[in-house]
Amino acid sequence: MKRPIYMDSHSTTPIDPRVLEAMLPYFTEKFGNSASRNHSFGFEAEEAVEIARKQIAQLIHADQKELIFTSGATESDNLALKGVAEMYSEKGNHIITAMTEHRAVIDSAKSLEKRGYSVTYLSVDKDGLINPDDVRHAITNKTILISIMLANNEIGTINPIAEIGAIAKEKEVLFHCDATQGVGKIPVDVSTLGVDLMSFSAHKIYGPKGIGALYLRRKAPRARVTPMLDGGGHERGFRSGTLPVPLIVGFGKACEICEQEMESEAMRLSTLRERLHAGIAKGLDDIYLNGHPTKRLPHNLNISFAYVEGEAMLMGINDIALSSGSACTSATLEPSYVLRALGVGSDLAHSSIRFGLGRFNTEEEVDYVISQVIKTVNRLREMSPLYEMAKEGINLKAVQWASN
Amino acid sequence: MAYSDKVTDHYNNPRNMGSFPKNEENVGTGMVGAPECGDVMKLQVKVEDEVIVDAKFKTFGCGSAIASSSLATEWLKGKTVEQAYDIKNTEIVKELALPPVKIHCSVLAEDAIKAAIADYRKKTPQEEPEAKDTE
């Protein structure tokens, strides 16, 4: 077993060797600019881009003409929110999104607020789910966009996108979905989900970093955005800039592999995830699952380990790459805003660990992670005054803490 | 974020981790921080003739918080109560090479030292031992 073990797939994934193989010729002999319309180098590049566009469109059941390439999901989110806001500013100035969205959506919305737009940030239930009725009630005659994520990057909760999509259609409001964590992991069909714009990227699905896409529905309704970049008018004018052909080829190949293997991979990963969860639960008491028990991504596990702090845990299991909701390293010292939005107490938010299983994780690795997590939590609990107090029967919630 | 070697060493080999019985006459206990803030430190000193003969800690917090309290117990041992009062968080920052975002861990350690001594003083007033009866 090779160490360190990578189990942080919500952050990024390694390039699948098959993807890399497909990309390589486009760095060297097939280096043409896909916008060069008058020689074979350009034709070759353009053909490769269009094949990839088709592969990507197939995975989300879209038409290839409905995809715009961007630098990644952050850019797609920005283009969707700011681009719709600007394009439809005469129609209205209200946007609906949620408190648990990715920063790329929330901060785009905040930036629009500074420019005079009004934004509703919906709250979620204790499992992280959006209530579609809340979306319905938030819609006004000024609402121009709803932006709700498919699956959450921390807790893996999968939102009722199709229901929200139906409401958006009924109310004739454009619907953007940040599907970065869901595409390639769970089935995504832009028509059944009823989304009009959708953001996602390659590097979460074993493709290269630096390439993403924005899906823009072409009809019923036609979704348009005001471009953010001025230039050569690439991507039907929505996103200027020479296309990174090797990255696009890799994105396409990654989507093709996902389409073929997603079903079996999801089964394998959810089995590994259950093994991980059960193994940890067997060895430790006072652990809490964050996120929805069933409506969640197959490869996501997020657990709070009471009485120990997340960053200290990660330090103890430093040969395993994981992530924590403890923002002990952030400037604000605030724990995860996603967990806080679920109503998870700050103490348990500080104690949370996110496990993101991936294509290359093995059962042997999962078993090693289980043993290391148990060992580290037990060691830190021995060191924890909170654990000592809890064992003495003291109700930690009732203690008057000398706040710092 | 990379940890300094000293932080890693204290984290892996904490010095004086554990607890004294709180009720003992010559034990002072300081508990600072709050679970909501992600840091709670318990620091205890055992005092004989105004000298800290032993110290123990338990900490809920990140590696730097654990290291700060572990280091504090090391420094406390052998010091008089008066000398212990002079331990400054900046010395802890320097010794452990804490980055700016972790300075609050050292502040917490200094607070814990002061709280432990204050608790000891409350139990065993030094200047006027008779005062205990009048309270």
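Set the Cα radius of gyration of chain A against 2.2 N^0.38 Å, with N its number of residues, and you get 1.04.
How do B:R15, A:R53, A:R236 line up, fewest other C-beta atoms within 10 Å first?
Ranking B:R15, A:R53, A:R236 by Cβ neighbours within 10 Å, fewest first, gives A:R236, B:R15, A:R53.
Evaluate segment B:18-61: find the radius of gyration of its Cα atoms, find its Kirkwood radius, and give the ratio Rg to Rh. Display every interim value, and only then the final one.
Details: Rg = 11.6 Å, Rh = 11.0 Å.
Value, to two decimals: 1.05.
Between the C-alpha center of segment A:11-64 and that of segment A:87-127 there is a gap of 33 Å.
All alpha carbon pair distances within segment A:283-379 were sorted into 5 Å bins beginning at 0; the resulting P(r) in whole percents reads 2, 13, 24, 26, 20, 11, 3, 0.
At a Förster radius of 56 Å, what calculated FRET efficiency corresponds to the Cβ-Cβ distance of A:E47 and B:S19, to the nearest 0.05?
0.20
Here the simple spin-label model places points 7 Å from the Cα toward Cβ, and for A:T140 and A:L24 these points are separated by 5.8 nm. Expressed in units of 2.2 N^0.38 Å, where N is the residue count, the Cα radius of gyration of chain B is 1.05.
As a rough guide to protection, the peptides B:90-98, B:22-30, A:224-232 ranked by mean Cβ packing within 10 Å, highest first, stand as B:90-98, B:22-30, A:224-232. Taking every residue in A:385-391 and counting other chain Cβ atoms within 10 Å of its Cβ, the average works out to 5. For the segment B:61-70, counting C-beta atoms of other chains within 10 Å of every residue's C-beta and taking the mean gives 5. Taking the inverse of the mean reciprocal distance over all distinct Cα pairs, the Kirkwood hydrodynamic radius of segment A:197-318 comes to 18.3 Å.
Projected onto its three principal axes, the C-alpha set of segment A:350-404 covers 47, 20, 17 Å, listed from the longest axis down. For segment A:138-217, report the translational diffusion coefficient in µm²/s to the nearest whole number, using Stokes-Einstein at 37 °C, 0.692 mPa s, and a Kirkwood Rh over Cα pairs. Estimated diffusion coefficient is 252 µm²/s.
Under DSSP H, which helices of chain A have Cα atoms covering 24 Å or more of the helix axis and a Kyte-Doolittle average no less than -1.0? Qualifying helices, which must be both long enough and hydrophobic enough, are A:40-59, A:245-283, A:363-383. Orientation-averaged projection of segment A:99-245 equals 9.5 nm² [convex hull of Cα atoms, one quarter of hull surface area]. Estimated from helical segments only, the mean residue ellipticity of the protein assembly as shown at 222 nm is -12500 deg cm²/dmol, where each DSSP H run of four or more residues counts as -39500 (n - 2.57).
Calculate the translational D of segment A:18-133 in whole µm² s⁻¹ from Stokes-Einstein, where the hydrodynamic radius comes from the Kirkwood formula applied to all Cα pairs, the temperature is 20 °C and the viscosity 1.002 mPa s.
Details: Rh = 17.4 Å.
It diffuses with D of about 123 µm²/s by this estimate.
Annotation: extensible slack from A:E392 through A:S89 equals 103.0 nm (criterion: 0.36 nm per residue apart, minus Cα-Cα distance). Placing dummy labels 7 Å off each Cα toward the beta-carbon, the span from A:K2 to B:D5 is 3.0 nm. DSSP H helices in chain B with Cα extent of 24 Å or more along the helix axis and mean Kyte-Doolittle hydropathy at least 0.0? Qualifying helices: B:103-123. Using R0 = 51 Å, the C-beta based FRET efficiency linking A:K171 and A:S264 works out to 0.85.
Database remark: amide H of A:Y6 closer than 5 angstrom to the amide H of A:A321 (H placed geometrically; neighbours at sequence offset of 5 or more, or on other chains; Pro and chain starts carry no H).
Taking a straight line from the alpha carbon of A:K295, these lysines sit under 21 Å away, with near neighbours fewer than eight places off in the same chain left out: A:K126, A:K185, A:K204. Note on A:D63 and A:D285: with the Förster distance fixed at 51 Å, the Cβ-Cβ geometry gives a FRET efficiency of about 0.45.
Taken together, the values in this text are just the output of simple stated rules run on the coordinates, not laboratory data. Bear in mind that the values here come from a model prediction, so they are computed numbers and not experimental data. Methodologically, a virtual Cβ is constructed for each residue, glycine included, from the backbone with ideal geometry; neighbour enumeration extends over all protein chains shown.
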